[in-house]
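J.: A single structure is presented below for examination.
The values are calculated or read from the model by the stated rules, or taken from the named source; none is laboratory data. Keep in mind it's a predicted model, so treat the numbers as computed, not measured. Every residue, glycine among them, receives a Cβ derived from its backbone with ideal geometry; neighbour counts consider all protein chains shown.
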């Protein structure tokens, strides 16, 4: 093809007239899948006949010399196209180049590659683009010798001159490309849908030309420049939906009429072009269906993949095909990951799930990353996540495995139990590190890591506690361990949902002691949400259950909690009686820490009754006991309360000193809610003492900053307003 020399040994004879290029029309090549056949060939002067047995493993692919047209709705890939074009630019170097576009199924790799081909042709960088579909994820992928046959035919080599072996075909292929390069031709070979490096390596030219590969795998053996193709950005995904519907009907305005539903639909499709195209096709087929109705159909994860099937394309089928390319161990891990209800998972959690060492399981995780079925966090290297729709598919696979037999169900249940136990044990340990009341030296080395672990695992812990497969005992255990952290971080709505769920689990279990604790915890959450009447009712229920169970400490805790709710309801006399009862119960039990806490609560109640001297004495008693207990966090709270009472007594220098101690100690404790309160108390005391406005303003600003750190934006806004009201 375009060669001006006669073909030599091992070189194909041009199928066109000497000195002319062959026709640019599309060529086809065929063979017969899965069968042997005989071919008679006349050689030389026709006196010899050779019989050749050929085993064809799959149909020989077609190598097109024309690119497919791009769909009208192609959008949102400008950055990726620019990145690949930078690789293809002939000014880059004179040698051969290999680029690989990798991504999960349905992300639009083939369409992107064709878009790049069109752009490169428009720039005049290539004289031709040859496209060969390797069908790498079909049951019978195209072997490299068949791909070479198709490419050689497209390059103008007559079928009779194509040698039988892989090495001979590869040599002839490179020879043809070199000849074309000397004639000034530069080819882009688009090897689409490859599954292994072995499919591609024989197709690589020695120089001059470029190969662009698309694959669901990274194909590390190629040494190619890798472009990871990710799902579309939300705006581009919505734009794809809009354009696809307008192609079917230019008057279709559903995306413009329901923008919120369009955004939600794009999200439910995981921003995957294939899923979006299927959803758009289904909508086009039902022009009267509102987008919100389609959203509702896809909201349930249990039926989402079934709702992404238009009769010709099925996302579930595409994902199922991915599993056929995995080893048994890889597929088993994929299904086990379907048991995990959260958005991502750490390596230690995977090790617990699989009952394998972390080092061993990391290798399998990396293999799933290479298969584009998993993503490794680029910053926190021991965390892994799945695309939303792949996670739905993995969950389906896990359920299917559990339904396949008693042995499989038991194995999957054991794996899930190991995972939940892992989370519960780690949460209980972190909760202990978070609790106040220990030496400052210990706290400084444990609280930060505990908070960091909880922050990283919060969504996973909540999802596990609410998961259908989690037993009620596991729900209660994990819920009790998680509550302290959620309160610390002021995730109050999450905490309320969790504690209602835990209470329900304890009620079904019939454990009165845990029921009482669950009611008390629920009351504390309602108190933090300022729902004081409901909090009071919850604590009264907890007290009754503790009394029925004969739980002395529980009774003391409930009386204390009742007293706090009664204070907020301005029922001060009843609150005083409740705290006095709590103190007496702690004293009878010899519980020093409980007594210290009761004295502090008693002081707050006496302050509300304006019995300031008694209140100060109660807080000082609490402080002395907390100092003996070594509870630095409680000491800081006492100092804050002492400052408030001293201000009420007009003892302002003492009040300022106490408030400053509270700020410093609570900051060290990382209790940002109480840090915000302490800075506010200091600001009020400075204001009462006629302190500098600049210092008062700074105190309010520090208060706002502390509240902001835990997301208490309402309290932060109040502090900011107070800061702005200070004279400059």
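J.: Being touching a residue at least 40 places away in the same chain (Cβ under 8 Å) and within 22 Å of residue 102 (Cβ to Cβ) is the filter here, so list the residues in region 348-366 that pass it.
T.: Scanning region 348-366 gives no hits.
J.: Filtering region 487-504 down to residues that are within 18 Å of residue 450 (Cβ to Cβ) and at pLDDT below 95, which residue is surrounded by the most Cβ atoms within 10 Å (Cβ to Cβ)?
T.: If we take residues in region 487-504 being within 18 Å of residue 450 (Cβ to Cβ) and at pLDDT below 95, then 488 is surrounded by the most Cβ atoms within 10 Å (Cβ to Cβ).
J.: Which members of region 283-306 meet the condition of being in contact with a helix residue (DSSP H, G or I) (Cβ under 9 Å, 6 or more places away or on another chain) and outside any helix (DSSP H, G or I)?
T.: If the condition is that a residue be in contact with a helix residue (DSSP H, G or I) (Cβ under 9 Å, 6 or more places away or on another chain) and outside any helix (DSSP H, G or I), then 286, 287, 289, 290, 300, 301, 302, 303, 304 are the ones that fit.
J.: Of the residues in region 256-282, how many are assigned to a helix (DSSP H, G or I) and under 27 Å from the mean Cα position of the chain (by Cα)? Spell out the reasoning first.
T.: Going residue by residue through region 256-282, those that are assigned to a helix (DSSP H, G or I) are 256-257, 259-268, 273-282.
Retained after the next criterion (residues that are under 27 Å from the mean Cα position of the chain (by Cα)): 259-268, 273-280.
Of the residues in that region, 18 qualify.
J.: Let me ask something additional. Filter region 163-194 for residues that are outside any helix (DSSP H, G or I) and either closer than 26 Å to residue 215 by Cβ or not assigned by TED's automatic domain parsing to the domain that holds residue 117 (or both) and give the result.
T.: Across region 163-194, the qualifying residues are 165, 186, 187, 188, 189, 190, 191, 192, 193, 194.
J.: May I pose another question? I'm trying to understand the selection: among the residues of region 147-167, which are crowded, with 20+ Cβ neighbours inside 10 Å and under 15 Å from residue 198 (Cα atoms)?
T.: 147, 148, listed by residue number.
J.: Would you confirm whether any residue within region 318-336 is in contact with a strand residue (DSSP E or B) (Cβ under 8 Å, 6 or more places away or on another chain) and outside the structural domain of residue 274 (by TED's automatic domain parsing)?
T.: The answer is no; no qualifying residue exists.
J.: Got at least one residue in region 182-190 being over 24 Å from residue 68 (Cα atoms) and under 46 Å from the mean Cα position of the chain (by Cα)?
T.: As a first pass, look at region 182-190 and keep what is over 24 Å from residue 68 (Cα atoms): 182-184.
Then keep just the ones that are under 46 Å from the mean Cα position of the chain (by Cα); that gives none.
Checked against the condition, which is being over 24 Å from residue 68 (Cα atoms) and under 46 Å from the mean Cα position of the chain (by Cα), region 182-190 yields no hits at all.
J.: Let me ask another. Report, by residue number, each residue of region 77-105 that is modelled with pLDDT of 90 or more and in a loop (DSSP other than H, G, I, E, B).
T.: 77, 103, 104, 105
J.: Here is a further query. Mind telling me which of the residues 144, 90, 105 ends up being more than 25 Å from residue 217 (Cα to Cα), within 45 Å of the chain's Cα centre (by Cα) and either touching a residue at least 40 places away in the same chain (Cβ under 8 Å) or crowded, with 23+ Cβ neighbours inside 10 Å (or both)?
T.: One residue alone meets the criteria, 90.
J.: Determine, yes or no, whether residue 461 is within 24 Å of the chain's Cα centre (by Cα), in a helix (DSSP H, G or I), at pLDDT below 95 and not assigned by TED's automatic domain parsing to the domain that holds residue 551.
T.: no
J.: Now a separate question. Could you tell me which of the residues 677, 617 is at pLDDT 95 or above, closer than 22 Å to residue 567 by Cβ, outside the structural domain of residue 710 (by TED's automatic domain parsing) and in a helix (DSSP H, G or I)?
T.: 617
J.: So if I check each of 445, 400, which one is in the same structural domain as residue 352 (by TED's automatic domain parsing) and either touching a strand residue (DSSP E or B) at 6+ places or on another chain (Cβ under 6 Å) or modelled with pLDDT under 95 (or both)?
T.: 400
J.: Do the conditions hold for residue 116, that is, is it closer than 30 Å to residue 308 by Cβ, modelled with pLDDT of 90 or more and in a loop (DSSP other than H, G, I, E, B)? Give the derivation first.
T.: Values: closer than 30 Å to residue 308 by Cβ: yes; modelled with pLDDT of 90 or more: yes; in a loop (DSSP other than H, G, I, E, B): no.
Here the answer is no, as residue 116 does not meet what is asked.
J.: Could you give every pair whose Cβ atoms fall below 7 Å, whose first residue belongs to region 387-404 and is free of Cβ contacts under 8 Å to residues at least 40 places away in the same chain, and whose second residue is buried (at least 20 other Cβ atoms within 10 Å of the Cβ), counting only separations of at least 6 or pairs across chains?
T.: These pairs meet every condition: 402/412.
J.: Among the residues of region 194-208, write down those that are at pLDDT 90 or above, closer than 15 Å to residue 130 by Cβ and in contact with a helix residue (DSSP H, G or I) (Cβ under 7 Å, 6 or more places away or on another chain).
T.: 194, 200, 202, 203
J.: I've got another one for you. Out of the residues in region 424-433 that are in contact (Cβ under 8 Å) with a residue 24 or more places away in the chain and surrounded by fewer than 20 Cβ atoms within 10 Å (Cβ to Cβ), state the one that is farthest from residue 351 (Cα to Cα).
T.: This residue is 431.
J.: From the list 584, 553, which residue is under 21 Å from residue 625 (Cβ atoms) and within 43 Å of the chain's Cα centre (by Cα)?
T.: Numbers: 584 fails: within 43 Å of the chain's Cα centre (by Cα).
When all the criteria are applied, what remains is 553.
J.: For region 632-647, does any single residue satisfy the condition of being at pLDDT 95 or above, surrounded by fewer than 22 Cβ atoms within 10 Å (Cβ to Cβ) and out of contact with any strand residue (DSSP E or B) (no Cβ under 6 Å at 6 or more places or on another chain)?
T.: no
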